[in-house]
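Enquirer: I have a structure here, written as C-alpha cells, and I will follow up with some questions on it.
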Amino acid sequence: MSDPNLAELEEVFCFVVHKGGSLQDAIACVLRANEETVASISETPEGKVLRAACKHYGIKIGELLRPCREERFTRRRYAAMVAMRLAGVRPVNIARSMEYGDNTTVYYALSKSARRSDIAEDGARIHAMAFALGAERRAA
C-alpha cells in the first residue's frame with residue numbers, strides 16, 4: 001500500500017467498521033480499494049471459493065465483486081455462488097460474502113445456473129480448485 005492512498009484507505013476502513021462491519025470485512029474492503037489480491041483473509045469456505053474464482057478467471061477480488069450487470073462480470077459472480085453452494089454455504093452467507101444486501105440475487109444466480117451449463121460447470125471447477133488448494137496448503 002502506498003502512502004498517498006493511506007488517508008483514503010483509512011477512510012474506507014473506518015466507514016466499514018462504523019457501519020457495523022467486522023475487522024475482517026474492513027480489511028477486505030481496504031485491500032479491494034487498493035486493488036490488491038486478498039491472499040488469506042479467512043479460511044472460511046466462502047474465502048476459499050473467492051480466492052479460487054479469482055485464480056480461475058485470472059482477476060483480482062475487486063473485479064470479481066464489481067457491482068456491474070455486464071454478462072462477463074455476472075457470469076463470474078454466479079459461478080462463484082454456485083461453487084459456494086456446492087461447498088454447503090447457506091444462501092444468506094453467500095450473499096454476505098458477495099456483498100449483497102439480501103439473498104435474492106443468490107437464488108436468482110442458482111436458478112440461472114440450472115438453466116446455463118457453462119455457469120454450473122465453472123462453479124464446479126471453482127469448487128474443485130478451492131478445496132484442492134485447501135488440501136495442498138494442509139499438506140505443505
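The values are calculated or read from the model by the stated rules, or taken from the named source; none is laboratory data. Here the structure is a predicted model, which is why all the values come from computation and not from measurement. Note that each Cβ is placed from the backbone with ideal geometry, even for glycine, and that neighbours are counted across all protein chains shown.
Enquirer: Can you name the condition, by its number, that Leu65 falls short on among (1) more than 11 Å from the chain's Cα centre (by Cα); (2) at pLDDT below 95?
Expert: So the condition that Leu65 fails would be (1).
Enquirer: Still on this structure, I have one more. Being of a type in the set (A, V, I, L, M, F, W, C) and either out of contact with any helix residue (DSSP H, G or I) (no Cβ under 9 Å at 6 or more places or on another chain) or surrounded by fewer than 19 Cβ atoms within 10 Å (Cβ to Cβ) (or both) is the filter here; which residues of the range 100-117 pass it?
Expert: Ala114
Enquirer: On to the next question. Is the range 81-95 home to any residue that is surrounded by fewer than 16 Cβ atoms within 10 Å (Cβ to Cβ), over 26 Å from Ser22 (Cβ atoms) and over 12 Å from the mean Cα position of the chain (by Cα)?
Expert: no
Enquirer: Just the residues that are part of a helix (DSSP H, G or I) and out of contact with any helix residue (DSSP H, G or I) (no Cβ under 7 Å at 6 or more places or on another chain), please, taken from the range 52-87.
Expert: Scanning the range 52-87 gives Glu63, Glu71, Arg72, Phe73, Thr74.
So that you can scan it fast, the table gives a plain yes or no per residue for (1) in contact with a Pro (Cβ under 8 Å, 6 or more places away or on another chain); (2) modelled with pLDDT of 70 or more; (3) surrounded by fewer than 15 Cβ atoms within 10 Å (Cβ to Cβ):
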site	(1), (2), (3)
Ala28	no, yes, no
Ser40	no, no, yes
Lys48	no, yes, no
Cys54	no, yes, no
Gly58	no, yes, yes
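Enquirer: Considering only the range 66-96, state which residues are closer than 20 Å to Glu121 by Cα and hydrophobic (A, V, I, L, M, F, W, C).
Expert: Selection gives Phe73, Ala79, Ala80, Met81, Val82, Ala83, Met84, Leu86, Ala87, Val89, Ile94.
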